[in-house]
Each structure stands twice: as C-alpha cells, then as structure tokens.
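The values are calculated or read from the model by the stated rules, or taken from the named source; none is laboratory data. Fair warning: this is a prediction, and the values are worked out from it, not measured in the lab. Because the Cβ atoms are built from the backbone with ideal geometry, glycine has one as well, and the counts that use them run over all protein chains shown.
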Amino acid sequence: MRKTIVAGNWKMFTDLAEANELITGLKNNFQNKNQIEVVVCPPFTHLSAVSLSLQGSSIQLGAQNVYPEEKGAYTGEISPAMLKSVGCQYVIVGHSERREYFHESNAFLNKKLQFALQNGLTPIYCVGEKLEERESDQTFKVIEAQLKEGLSGFSAAQLKNIVIAYEPVWAIGTGKTASPEQAQEVHAFIRQELAKLSDAATADAITIQYGGSVKPDNVTELMGKPDIDGALVGGASLKADSFLAIVNY
Ligand code: PEP
C-alpha cells in the first residue's frame, strides 16, 4: 500500500531561531487529520536541534542532501550515517537546484541513492523537466533517463524504499503549478517506468510526490489525482500556517 508523504524543503532559508519557531508552530498545531507522513527538511546546521524538538511528535526529519561515501577526507560534506545519527529518516536526492548549480548527474545521484538506502534512509529522488524541455516535447525522454540512470541496479525491494518526487523545474519557486492533469499525466508515466524497472505491484506501492509551487489553495486538487501520493513543498513550508494548511488539505 502506498503511503502519502508531504515533505517541506526549507532550502537555504531560516537561521536557528527561525527554525525553532517554525517547528514549535508546526508541532503544536499538527493534528494529522489525513493520517499522512509529514517530513521537514531543514538545513544541515539545524538538524540536531530540530530532531530534539520533534521528539514525541509524529513529524519526521529529513536532510536536503547527502554525500555518497561512508566517511573520509571530504571537507564540507555529510555522510548518510551522520544524518542517521541525528535522527533523519529521509533525505532529498537530486533536487533540480543540485542538478543545476552543482552539476549532479544521474550517475552520481544513483550513488547517493545507494548510500542512503544502505544506511536506512528513505531517499526522496527528484526528477523533472525544464521549461525548454517541456516546450520541445522532451518531458518523457528526460524523465525516463533520470529514472533509468538514477535508479539503475536497484532491486524491487529497494525501489519500494525510495520516494519519487516529480518536480517540473519551471514550476519550482515560480508560483506556476503544473495543472493537476499535467501532473497526473507525468506521474502515470513515472509509475509505468517504475514498473519496467521492477514490476507492476512494486510500482503501484511507490509513493510519487508532486512538487512545484504547491500551496494551500491547489493542494486538494493535486492530491485528488490517482497517481499523486503526496507533495514536496518549498516556499509554502517556510510558514507554519501554510504548511499546516497543506498537510491538512
Ligand atoms: C522545492 O523546493 O522542491 C519546491 C517545489 O519549491 P516550491 O514549492 O517553492 O516551488
């Protein structure tokens, strides 16, 4: 059975005081009306503090990135075991900002996914096309490559532990959301590709989130689509009110 998962990606926003305030607002007002898994992904520097503050709450903790090695001389990087040791259950892998600004390839992301899984983290693997790719009818081709190369070598059992986030790059932080029909079309395609990489039952069990300007006023319609099993939320996760309104859609 699929789990519905809504995650908040705080990106490089909030100082520690703001992070604490946001978490207090979330945990004091979170009723989990929809019985979904809610995840917050603060910057690395706040993970320990947020982890402590989330104790006793059903809100889960995720990181925004991870380095694909167990340990070593990788100045400035963070290993999967380090994330586990501060209470992370999730990690975002392959966000379009990392693909774009840090030139992370599908092959490198495949390594990150392997290390995350080996260490018991649930990766949220982001895929999505740029505007020019959509406009030149490349959407399915781009996403097919991101899935085939990024998920290469994983067994069906491993794939079940990966969450996919479909994030059209043109919809991230732009206020332009994919229409529920556009999103559903790509989600159904992703599920079909996942079935090719495993089998239909596995593909059906995988959570596929939509991300790209999800807001309280568009979440219900998006979540109403059969292949949309959650959301990856950026801007609207930075205010307790709007994130709570989304998770209580
Ligand atoms: C994101 O950061 O993954 C994202 C989807 O951002 P926003 O919700 O602001 O578009």
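Descriptive notes on the structure:
- Residue within segment 69-88 that is at positive phi and in contact with a strand residue (DSSP E or B) (Cβ under 8 Å, 6 or more places away or on another chain) present: yes
- Scanning segment 1-45 for residues that are closer than 16 Å to GLY62 by Cα and of a type in the set (Ser, Thr, Tyr) returns THR4, THR14, THR45.
- Residue count, segment 104-113 (criterion: among the polar types (S, T, N, Q) and surrounded by 14 or more Cβ atoms within 10 Å (Cβ to Cβ)): 2
- Out of ALA116, ALA107, sole residue that is in contact (Cβ under 8 Å) with a residue 12 or more places away in the chain and closer than 30 Å to GLU21 by Cβ: ALA116
- So VAL163, is it surrounded by 18 or more Cβ atoms within 10 Å (Cβ to Cβ), over 20 Å from LEU113 (Cα atoms), within 16 Å of the ligand (Cβ to nearest atom) and modelled with pLDDT of 95 or more: no
- Any hit, segment 141-156, residues being within 16 Å of the ligand (Cβ to nearest atom), out of contact with any strand residue (DSSP E or B) (no Cβ under 6 Å at 6 or more places or on another chain) and not β-branched (Val, Ile, Thr): no
- Considering residues of segment 201-240 that are assigned to a helix (DSSP H, G or I) and within 15 Å of the ligand (Cβ to nearest atom) only, the residue nearest to ILE23 (Cα to Cα): SER237
- Among the residues of segment 161-187, those identified as of a type outside the set (D, E, K, R) and in a helix (DSSP H, G or I) are VAL169, TRP170, ALA171, PRO180, GLN182, ALA183, GLN184, VAL186, HIS187.
- Scanning segment 114-148 for residues that are surrounded by 14 or more Cβ atoms within 10 Å (Cβ to Cβ) and either at pLDDT below 95 or of a type in the set (Asp, Glu) (or both) yields a count of 3.
- Long-range neighbours under 6 Å by Cβ, at least six apart or interchain, first residue under 10 Å from TYR125 (Cβ atoms) within segment 88-99, second at pLDDT 95 or above and within 11 Å of the ligand (Cβ to nearest atom): ILE92/CYS41; ILE92/GLN64; ILE92/ILE124; GLY94/CYS126; HIS95/CYS126
- Those helices (runs of 4 or more DSSP H) lying entirely in segment 105-157 with at least 1 residues within 15 Å of the chain's Cα centre (by Cα) and more than 18 Å from ILE208 (Cβ to Cβ): 106-118
- If you check ASP199, ASP241, ASP227 for being among the charged types (D, E, K, R), touching a residue at least 40 places away in the same chain (Cβ under 8 Å) and closer than 18 Å to GLU37 by Cβ, only one passes: ASP227.
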